[in-house]
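K.L.:
If you scroll down you'll find the structure; I have some questions about it.
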Amino acid sequence: MAVHDVLTIGDPRLRQRSAAVERFGGPDLLALVEDLRDTMAASDGAGLAAPQIGVPLRVVIFGITANPRYPEAPPIPETVLVNPVLTPLGEAIDDDAWEGCLSVPGWRARVPRWKRLHYRAQDLQGQPFEREVEGFHARVVQHECDHLDGVLFPDRMPGGFPRG
Ligand code: NI
């Protein structure tokens, strides 16, 4: 277990496409998830993706209880997704919520996201599971899974990242 530094925008490791996990049940994957959990907790994050701590694998963790960074957010059970696949449900877009990222310190923005979502993934033992979610839960999943493809939330902002 260890708290890692979270990579920040400008680091090329945040821009890589991460690889699928192919080996389950071993100590490496468990240790990665423990590190993600510890690092997320130490930063009051709502979620964290493996590439944010420099590990280019398709693993994310998220969850919210009472979070000072997101005081209005409804609770989300702690969830680990390995090799997630997201499918939007319907056409509805939610663009009325503010989003931040531990890898983009100091920035918040309204980011359009699919309002409703089906996702499937594997758990730490490789067992597949799926959920249908909406609202903030759907937003968090989209944000975290974007990290696996090297996408950061400013890329999703209409008009792009403000540079000055
Ligand atoms: Ni992020």
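K.L.:
Condition check: more than 16 Å from the ligand (Cβ to nearest atom) and under 28 Å from residue 8 (Cβ atoms). Does residue 102 satisfy that?
P.N.:
Judged against the criteria, residue 102 is not a match.
K.L.:
Considering the range 54-85 alone, what residues qualify as being open to solvent by 20 Å² or more (accessible area, probe 1.4 Å) and under 15 Å from residue 31 (Cα atoms)?
P.N.:
54, 55, 56, 57, 58, 80
K.L.:
In addition: Looking at residue 37 and the list (1) within 27 Å of residue 134 (Cα to Cα); (2) more than 14 Å from the chain's Cα centre (by Cα), which single condition is not satisfied?
P.N.:
With (1) within 27 Å of residue 134 (Cα to Cα); (2) more than 14 Å from the chain's Cα centre (by Cα) applied to residue 37, the lone miss is (2).
K.L.:
In addition: What tally of residues in the range 41-83 results from selecting those that are away from the ligand (no atom under 15 Å from the Cβ), of a type in the set (A, V, I, L, M) and within 14 Å of residue 147 (Cα to Cα)?
P.N.:
Total meeting the criteria: 2.
K.L.:
Does any residue of the range 14-32 turn out to be within 15 Å of the ligand (Cβ to nearest atom), over 14 Å from residue 148 (Cβ atoms) and open to solvent by less than 20 Å² (accessible area, probe 1.4 Å)?
P.N.:
The answer is no; no qualifying residue exists.
K.L.:
So is residue 36 assigned to a strand (DSSP E or B), in contact with a strand residue (DSSP E or B) (Cβ under 8 Å, 6 or more places away or on another chain) and aliphatic (A, V, I, L, M) or not?
P.N.:
The answer is no for residue 36.
K.L.:
Something else about it: Residues of the range 126-139 being open to solvent by less than 20 Å² (accessible area, probe 1.4 Å) and farther than 12 Å from residue 86 by Cα, which ones?
P.N.:
Matches in the range 126-139: 126 only.
K.L.:
Now a separate question. Just to be sure I understand the filter: pairs with C-beta atoms under 7 Å, separated by 6 or more residues or on different chains, first member in the range 135-164 and among the aliphatic types (A, V, I, L, M), second member at pLDDT below 95 and surrounded by 16 or more Cβ atoms within 10 Å (Cβ to Cβ). Which pairs pass?
P.N.:
140/46; 140/76; 157/109; 157/111
The values are calculated or read from the model by the stated rules, or taken from the named source; none is laboratory data. Keep in mind the model is a prediction, meaning the values are calculated, not measured. We place every Cβ from the backbone using ideal geometry, glycine too, and count neighbours over all the protein chains shown. The accessibility values were calculated without ligands, DNA or RNA, using every heavy atom of the protein model including side chains. Shrake-Rupley method; radii C 1.70, N 1.55, O 1.52, S 1.80 Å.
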